[in-house]
Amino acid sequence: MRTILQETISTQRKILVNLLTRPLSKLVLKLAPDISNTIRLESHLHEAIPVFEHCKYLYVMDEHGIQITQTILAYSSDSKSLGRDRSKRPYMQHDFSVNNFSLSEAYISKHNKRPSITAIHVIKDCQQKLIGYLGVDYDLRELPGTTHLYKESYKWQQIKGDPAIRSGLFAQHRMQSDMDNNIDNVLALMQALICEHGVFHGKFHFSSSRTTIWLFDDPYNYRLLSMNELNDPDICLAYPRHPYSELAKVPESAIPKIFDYFRQLRFADETIYLRAGSINVVNGMISLNFSCDGSHYLPYQEFLDKGMDFWFGTEEVEAFQYDKIIENICAAGCDSVYNLINQHRQGNHSEVFNNIPQLEQDKIMQELETIMQIYSHTE
């Protein structure tokens, strides 16, 4: 999980811990003397629930994790869980011998199937012997301190795709699509829609010959444009003219170059090629999905700075001496080569490929698979 997202979650947990620590400590002191009196326990819980204003449920369990009270809600109680064994639930897996209090990780509730979180505080008698547990359940929708929106960190991310697709990568090749046949017109049309008609997010599905677009004036709905629409320049008349937005992080002048890179990545190789690409001019992000089902998300300027050399290593071919790399890999023996091929199919990285562009790694693996097929045949 990304660091900024972890920090956001950690902050919310700290808020909740601060809200709960003192009220829980005070409540368990009231509960302890009445641990054998269900009516008294439920009375204490009803009195306490206004203090836990954001909680969904309050309940008490015995020392074995068996619920011994009804589940107390803000304005009622529920007897369905009376006698329920909660000992195996995620929130009960904490080592309470070390700490009397635990705030669980988020989990899906058993009955309501909602993302939830539970606070547990041990109940001890005057001799400090464990005699029960107090449980406080929260629905994540109702937690305090979670009203501000998590802000995405816009940095380059690479996400590996379906291993099944990677395993069959070298048995496939790019099929010329309708969009490929009309690529210049499609790119020009999308440029016009973005620069002059209020589209802030556009995605090309090159292999399936369609695009999806989102507009400033209607951001909650997307439009799907098939090749019938994309082949008709009059489609622009369906979207009112809209000046290029001041909200855009991507300069208008950068869009043609970005689209030119899309074109190059689509046609650069017949096995490893761009399957889909998108641009969001507001957050400045480019997304790329390749035939190996690997996806990349990166800021537009980083995409432009990397250029084609990053994706295909065209200038580094001699420096990397791919023939020598393949020779060294094969020298390790068949078992080692097969193991490397299997690792690559599963999306696992090997030190053999350190500092080699991802798409060039796939080319090397294609060559190795060809070699091993020939070798297996001669055997």
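The values are calculated or read from the model by the stated rules, or taken from the named source; none is laboratory data. Here the structure is a predicted model, which is why all the values come from computation and not from measurement. No Cβ is skipped: glycine too gets one built from the backbone with ideal geometry, and neighbour counts run over all protein chains shown.
Against the conditions (1) hydroxyl-bearing (Ser, Thr, Tyr); (2) surrounded by 16 or more Cβ atoms within 10 Å (Cβ to Cβ); (3) at pLDDT below 90; (4) within 25 Å of residue 175 (Cα to Cα), residue 278 satisfies every one except (3). Of the residues that sit in the range 74-106 and are farther than 23 Å from residue 23 by Cα and more than 35 Å from the chain's Cα centre (by Cα), which one is surrounded by the most Cβ atoms within 10 Å (Cβ to Cβ)? Ranking the qualifying residues of the range 74-106, first place goes to 82. Counting the residues of the range 183-210 that are part of a loop (DSSP other than H, G, I, E, B) and touching a helix residue (DSSP H, G or I) at 6+ places or on another chain (Cβ under 7 Å) gives 2.
Within the range 7-27, identify whether any single residue is within 15 Å of residue 124 (Cβ to Cβ) and either within 30 Å of the chain's Cα centre (by Cα) or surrounded by 16 or more Cβ atoms within 10 Å (Cβ to Cβ) (or both), and answer yes or no.
Of the residues in the range 7-27, the ones within 15 Å of residue 124 (Cβ to Cβ) are 24-27.
When the remaining residues are screened for being either within 30 Å of the chain's Cα centre (by Cα) or surrounded by 16 or more Cβ atoms within 10 Å (Cβ to Cβ) (or both), the result is 24, 27.
Yes, because at least one residue in the range 7-27 is within 15 Å of residue 124 (Cβ to Cβ) and either within 30 Å of the chain's Cα centre (by Cα) or surrounded by 16 or more Cβ atoms within 10 Å (Cβ to Cβ) (or both).
Residues checked against (1) within 29 Å of the chain's Cα centre (by Cα); (2) buried (at least 18 other Cβ atoms within 10 Å of the Cβ); (3) not assigned by TED's automatic domain parsing to the domain that holds residue 295; (4) not in a strand (DSSP E or B):
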{"site": "214", "(1), (2), (3), (4)": "yes, yes, no, no"}
{"site": "228", "(1), (2), (3), (4)": "no, no, no, yes"}
{"site": "247", "(1), (2), (3), (4)": "yes, no, no, yes"}
{"site": "256", "(1), (2), (3), (4)": "no, no, no, yes"}
{"site": "269", "(1), (2), (3), (4)": "yes, yes, no, yes"}
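It is to be established whether one or more residues within the range 356-379 are of a type in the set (Asp, Glu), at pLDDT 70 or above and exposed (fewer than 13 other Cβ atoms within 10 Å of the Cβ). No: the range 356-379 contains no residue that is of a type in the set (Asp, Glu), at pLDDT 70 or above and exposed (fewer than 13 other Cβ atoms within 10 Å of the Cβ). When residue 123 is tested against (1) touching a Gly at 6+ places or on another chain (Cβ under 6 Å); (2) modelled with pLDDT under 80; (3) in a strand (DSSP E or B), just one condition goes unmet, and that condition is (2).
Among the listed residues 47, 63, identify the single one that is touching a residue at least 60 places away in the same chain (Cβ under 8 Å), within 17 Å of residue 121 (Cβ to Cβ) and among the acidic types (Asp, Glu).
Numbers: 47 fails: touching a residue at least 60 places away in the same chain (Cβ under 8 Å).
Among 47, 63, only 63 is touching a residue at least 60 places away in the same chain (Cβ under 8 Å), within 17 Å of residue 121 (Cβ to Cβ) and among the acidic types (Asp, Glu).
Please verify whether residue 101 is in contact with a Pro (Cβ under 9 Å, 6 or more places away or on another chain) and within 19 Å of residue 122 (Cβ to Cβ), treating the condition exactly as stated. Answer is no for this residue. Of the residues examined, residue 31 is one that is at pLDDT 90 or above and part of a helix (DSSP H, G or I).
Note on the range 193-207: residues that are touching a strand residue (DSSP E or B) at 6+ places or on another chain (Cβ under 8 Å) and in contact (Cβ under 8 Å) with a residue 60 or more places away in the chain total 9. Note on the range 126-139: residues that are under 19 Å from residue 68 (Cα atoms) and either among the basic types (Lys, Arg) or not in a strand (DSSP E or B) (or both) total 1.
Confirm whether residue 139 is modelled with pLDDT of 90 or more and out of contact with any His (no Cβ under 6 Å at 6 or more places or on another chain). No. Restricting attention to the range 297-336, the residues that are part of a helix (DSSP H, G or I) and either modelled with pLDDT of 65 or more or in contact with a Ser or Thr (Cβ under 6 Å, 6 or more places away or on another chain) (or both) add up to 24.
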